[in-house]
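Contents: one structure, followed by commentary.
What follows is calculated from the coordinates using simple rules that are stated; it is not laboratory data. Remember, predicted model here, so these are calculated numbers, not experimental data. Every residue, glycine among them, receives a Cβ derived from its backbone with ideal geometry; neighbour counts consider all protein chains shown.
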Amino acid sequence: MKKVFLASLAAGMIFSALPAGAQDAVEWQALPAEREALVALDSQQNRALRTSVRHCISIGQARGRNSACVFLDLDRVMRQSNEALRAYHFALPRQMRYDENRHREAAVDIVAKARDRAVQ
């Protein structure tokens with residue numbers, strides 16, 4: 001009985017999280033084509049990432065940079081931000097999205113190329 005309850009609880013959590021996944025779709029048209037604007041978005045996203053890391057460490061939910069608290073907090077902040085910043089965040093590859101020490105030029109190049117392919 002306990003296993004059935006846990007399984008149904010887990011299934012409910014998974015299905016309740018589905019609408020958030022729809023919010024994570026990249027709106028390619030919202031991304032600017034200008035490189036300088038993408039660099040500015042990268043700076044904003046990285047600043048939000050560092051804020052999430054500090055927040056999670058301060059409440060004792062993160063021992064390191066790669067914690068669920070950081071991922072969830074940053075994604076929540078990005079979902080509530082403007083369209084361009086939200087699109088930039090979710091256009092980044094996952095391994096770069098939560099890495100505050102990522103190479104900025106590489107991140108901007110990846111997003112710019114993906115935007116160009118998607119818009120054409």
Here the gain from full extension of residue 101 to residue 55, 0.36 nm per residue of separation minus their alpha-carbon distance, amounts to 14.8 nm
Once Lys and Arg are counted +1 and Asp and Glu -1 for all other residues with Cβ under 14 Å from that of residue 103, the total becomes -2
The ³J(HN,Hα) series, computed from each phi in segment 78-85 with the Karplus coefficients 6.51, -1.76 and 1.60 at θ = phi - 60°, rounded to the nearest Hz and given as x for glycine or proline, is 5, 5, 8, 8, 5, 4, 5, 5
When 43, 52 are ranked with the fewest other C-beta atoms within 10 Å first, the list becomes 43, 52
To the nearest 20 debye, segment 61-114 has a Cα-centred charge dipole, built from +1 on Lys and Arg Cβ and -1 on Asp and Glu Cβ, of 140 debye
Ranking 112, 33, 45 by how far each Cα lies towards the positive end of the charge dipole of segment 24-119 (+1 on Lys and Arg Cβ, -1 on Asp and Glu Cβ), the top one is 45
From fewest to most C-beta neighbours within 10 Å, the residues 103, 89 line up as 103, 89
Between the modelled labels at residue 37 and residue 117 (7 Å from Cα along Cα→Cβ) the distance in nm is 2.2 nm
With x for Gly and Pro, the residue-by-residue ³J(HN,Hα) of segment 95-100, computed from phi through the Karplus equation 6.51 cos²θ - 1.76 cosθ + 1.60 at θ = phi - 60° and given in whole Hz, is 5, 9, 4, 10, 9, 6
